[in-house]
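Okay, structure first, notes after.
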Amino acid sequence: METTTTVRAAALELEAVSRHHGRRGGLEAVALDAVSCAVPVGSFTAVVGPSGSGKSTFLQCAAGLDRPTSGTVRIAGTDLGRLSEAALTRLRRDRIGFVFQSHALNLVPSLSIVENVVLPLVLAGADPRDARVLDQGRRLLDRVGLAGRGDDRPGTLSGGQQQRVAVARALVNRPDVLFADEPTASLDPESAALVLGLLRDAVRLDGRTVVMVTHDPAAASWADTVLTMDGGRLR
């Protein structure tokens, strides 16, 4: 009797990706050294490693924030290396979600909280005054436990609450991949658990793909798969 194996499609693929940085005297520092991996759709992957191991460069190349020196990066089958800068910007806007460590990078202080959540939709052409757009943002705020706070400003929220808004904003465009860069580094344990639970729910309930860089083993334990970086290589 024949058996069949279901192969999950890859949301993110890296093939022999290297990133070199120039130094004085013509020497180069190798931040990534021929890294290859495939992250399945609907999975939660943590990338861990000591400072200087290459994990931040991994995220930057994987998310299209930096171009590798060599190798191929694909998101949902799209080769990022074949895209123009304008097309790459559109892909990041429309198909990728981001949650950063810094609250200053996550939210725009002059916008209301709900306006921050729907900002990716507005940048893609949605009318920020459209009630349907704002309702979508408010539903996400409700989901992250911030119902009724949509008209407030980000500065009125705690750091943990701001990170929950950042997760809501990262999900609003239904991204192929959500990248999180040390999302719990500045949070107390209770707030960190709330944020990690939201990332876990994005995978479990929505089938999203999450790739998180972290130095924290407790945060990494929430992931399905843990990739360890050392010296620019996966171990």
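Miscellaneous remarks
- Overall, the accessible surface of the range 42-99 at a probe of 1.4 angstrom is composed of carbon and sulfur to the extent of 47 percent.
- With both labels modelled 7 Å from their Cα along Cα-to-Cβ, the GLU190 to SER51 distance reads 3.0 nm.
- Within the chain, helix-based [θ] at 222 nm, where runs of 4 or more DSSP H residues each add -39,500 (n - 2.57), nearest 500: -9500 deg cm²/dmol
- Helix 85-95 vs. the chain, principal-axis angle (Cα, 0 to 90°, nearest 10): 60 degrees
- Orientation-averaged projection of the chain equals 15.6 nm² [convex hull of Cα atoms, one quarter of hull surface area].
- When both bridge partners sit in the chain, DSSP labels roughly 55% of those beta bridges antiparallel.
- Paramagnetic label zone (point 7 Å from Cα along Cα-to-C-beta, ALA16; backbone N under 20 Å) in the range 38-66: 38-39, 58, 61-62
- Spin-label pair ARG204-ASP224: with each label point 7 Å from Cα along the Cα-Cβ axis, the two points sit 1.4 nm from one another.
- Charge tally for ALA63 (other residues, Cβ to Cβ under 10 Å; Lys, Arg +1; Asp, Glu -1): -1.
- Note on ARG95 and THR156: their simple-model spin labels are 3.8 nm apart, each label 7 Å out from Cα toward Cβ.
- Choice from SER221, SER191, SER43 showing the highest fluctuation, given a GNM over the chain with Cα pairs closer than 10 Å: SER221
The values are calculated or read from the model by the stated rules, or taken from the named source; none is laboratory data. Keep in mind that what you see is a predicted model, and the values were worked out from it rather than measured. As a convention, Cβ positions derive from the backbone with ideal geometry for all residues, glycine included, and neighbour counts pool all protein chains shown. Heads up: the accessible areas ignore ligands, DNA and RNA and are worked out on the full protein's heavy atoms, side chains in. Shrake-Rupley method; radii C 1.70, N 1.55, O 1.52, S 1.80 Å.
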